[in-house]
Amino acid sequence: MIKQLTLGTAIGAIVLFLWSFIAWTFIPWPGDPIRSFTNDDAVIAAMKANVLRSGVYLLPNEVKRTPGMTDEQYKKAEQDAMNRMTQGPMIFASVRMEPMGSISKYFVLGFLTDLFVALLATILLLQTTKLSYGARVAFVVGLGAIIFAGGHLDEWNWWSFSNAYIAMQLSVLLIGWFLAGLVIAIFVRGKTFVA
């Protein structure tokens with residue numbers, strides 16, 4: 001059991017990490033999933049003038065009740081915000097004002113994340129019984145589908161993430177978990193097999 005857990009986790013994480021690097025670095029995904037601004041300098045200037053600190057920003061944002069605001073003023077502000085949201089434009093953005101610094105720490109954190117999710121997938125697969133190799137691979141791919149549905153469809157629905165971006169995320173996740181499943185399923189056989 002420990003051998004299955006260790007090998008499934010380590011090799012699964014390596015496969016997920018390598019695939020993610022390839023998918024984000026070398027594959028020209030169709031449909032322009034991540035777009036560019038027409039004038040980066042103007043956007044940067046607007047950010048510097050209006051962003052106080054790094055974080056996630058929403059425009060138009062919800063109305064916050066300020067001291068002294070009457071119920072009538074609050075209702076009007078809420079209606080104005082709703083009108084702006086329905087008429088557009090709308091922005092949902094993650095903003096980092098500080099320099100990115102060394103990219104190596106992001107690779108390390110990325111690998112640790114892959115290690116953690118591969119560990120979870122391996123633990124879940126270890127709870128199964130009498131699954132064929134193909135069924136074990138499908139089980140792991142199913143976990144990737146759950147990650148996509150739970151983690152990305154809301155972004156498409158609420159924040160207008162483009163169809164091209166969502167399709168890219170679906171492809172990255174399903175292909176990554178398929179490749180990881182191919183190797184995890186070699187080592188992780190579930191409860192009825194002895195390592």
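The values are calculated or read from the model by the stated rules, or taken from the named source; none is laboratory data. All figures in this text were calculated on a predicted structure; none of them were measured in a lab. With ideal geometry, Cβ positions are generated from the backbone for all residues, glycine too; neighbour counts draw on all protein chains shown.
Things to note:
- Qualifying residue in region 90-104 (condition: under 22 Å from the mean Cα position of the chain (by Cα), part of a helix (DSSP H, G or I) and either at pLDDT 90 or above or within 30 Å of T9 (Cα to Cα) (or both)): yes
- All positions within region 23-41 that are surrounded by 10 or more Cβ atoms within 10 Å (Cβ to Cβ) and not in a loop (DSSP other than H, G, I, E, B): A23, W24
One line per residue, one yes/no per condition, for (1) exposed (fewer than 11 other Cβ atoms within 10 Å of the Cβ); (2) more than 28 Å from the chain's Cα centre (by Cα); (3) at positive phi:
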{"site": "M47", "(1), (2), (3)": "no, no, no"}
{"site": "N50", "(1), (2), (3)": "yes, no, no"}
{"site": "E62", "(1), (2), (3)": "yes, no, no"}
{"site": "R65", "(1), (2), (3)": "no, yes, no"}
{"site": "Y74", "(1), (2), (3)": "no, yes, no"}
{"site": "E78", "(1), (2), (3)": "no, yes, no"}
{"site": "M85", "(1), (2), (3)": "no, no, no"}
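- With respect to the stated conditions, A149 is part of a helix (DSSP H, G or I), under 12 Å from the mean Cα position of the chain (by Cα) and not acidic (D, E).
- Some residue of region 117-132 being over 22 Å from the mean Cα position of the chain (by Cα), of a type outside the set (F, W, Y) and not in a loop (DSSP other than H, G, I, E, B): yes
- Screening D114, D80 for residues that are free of Cβ contacts under 8 Å to residues at least 24 places away in the same chain and of a type in the set (D, E) leaves exactly one candidate, D80.
- Among (1) in contact (Cβ under 8 Å) with a residue 60 or more places away in the chain; (2) part of a helix (DSSP H, G or I); (3) more than 21 Å from V141 (Cα to Cα), the one test that A49 misses: (1)
- Residue match in region 141-157 (condition: in contact with a strand residue (DSSP E or B) (Cβ under 9 Å, 6 or more places away or on another chain) and assigned by TED's automatic domain parsing to the domain that holds L16): yes
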